[in-house]
Amino acid sequence: MSDREEFVVDEDNEDVLTLAGPDGEEVDFIEIAGISLGDKYYSILQPVELLDGMEEDEALVFEVTEGEEGDNFQLVLDDDIIDQVFAEYDKLLDEYDQAED
């Protein structure tokens with residue numbers, strides 16, 4: 001996605017993103033980061049209210065694609081992709097922290 005900006009920390013982000021689950025139930029998320037890997041764009045989202053089985057510091061990775069009516073978010077279940085996204089996030093966060101010092 002060439003028109004997307006990658007961001008690591010958006011401390012002022014209080015926008016809530018509402019996504020519908022497979023059963024149609026709506027879940028509210030806060031976007032933690034946007035990560036580009038290759039030609040794909042991923043969003044790290046944390047639920048506003050913890051989901052069953054999730055810890056407070058956990059987040060989910062979604063692949064974001066452009067659709068006719070806006071962005072589409074697809075939950076990523078592939079552990080290798082999740083690991084790559086979080087590795088890139090950690091790397092960018094370290095770079096961000098060093099730039100702030």
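FYI, it's all coordinate maths here, none of it is from the lab. Just so we're clear, the structure is a prediction, and the values are computed from it rather than from any experiment. Neighbour counts are summed over all protein chains in view; Cβ atoms, including those assigned to glycine, are modelled from backbone coordinates with ideal geometry.
Subtract the Cα-Cα distance of L17 and I81 from 0.36 nm times their separation in residues, and report this length gain in nm to one decimal.
Values: separation 64, 0.36 × 64 = 23.04 nm, distance 2.21 nm.
Working it through step by step, the gained length comes to 20.8 nm.
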| remark: Rounded to the nearest 0.05, FRET efficiency between D71 and D94 (Cβ-Cβ, R0 30 Å) equals 0.65
| task | Starting from the amide H of F29, placed 1.01 Å from N in the peptide plane, find each other amide H under 5 Å away whose residue is 5 or more places distant or on another chain. | result | L17, T18, L19, V48
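Around D78, under 12 Å between beta carbons, what's the net of Lys plus Arg minus Asp minus Glu among the other residues? Walk me through the intermediate numbers first.
Details: positive: K40; negative: E63, D79, D80, D83.
Net charge in that neighbourhood comes out at -3.
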| query | Which order do L51, L17, L60 fall in if you start with the one that has the fewest other Cβ atoms within 10 Å? | reply | L51, L17, L60
| From the backbone phi of segment 49-64, what are the Karplus-calculated ³J(HN,Hα) couplings (6.51 cos²θ - 1.76 cosθ + 1.60, θ = phi - 60°) in whole Hz, Gly and Pro given as x? | 10, 4, 8, 3, x, 9, 8, 4, 9, 8, 9, 10, 10, 10, 7, 10
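Please work out how much length the chain gains when fully extended from K40 to E26, using 0.36 nm per residue of separation minus the C-alpha to C-alpha distance, in nm with one decimal. Provide the component values of the computation, followed by the final result.
Values: separation 14, 0.36 × 14 = 5.04 nm, distance 2.49 nm.
So the extension gain works out to 2.5 nm.
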| message | Looking at the chain only, what percent of DSSP beta bridges run antiparallel? Nearest 5 please. | response | 100 percent
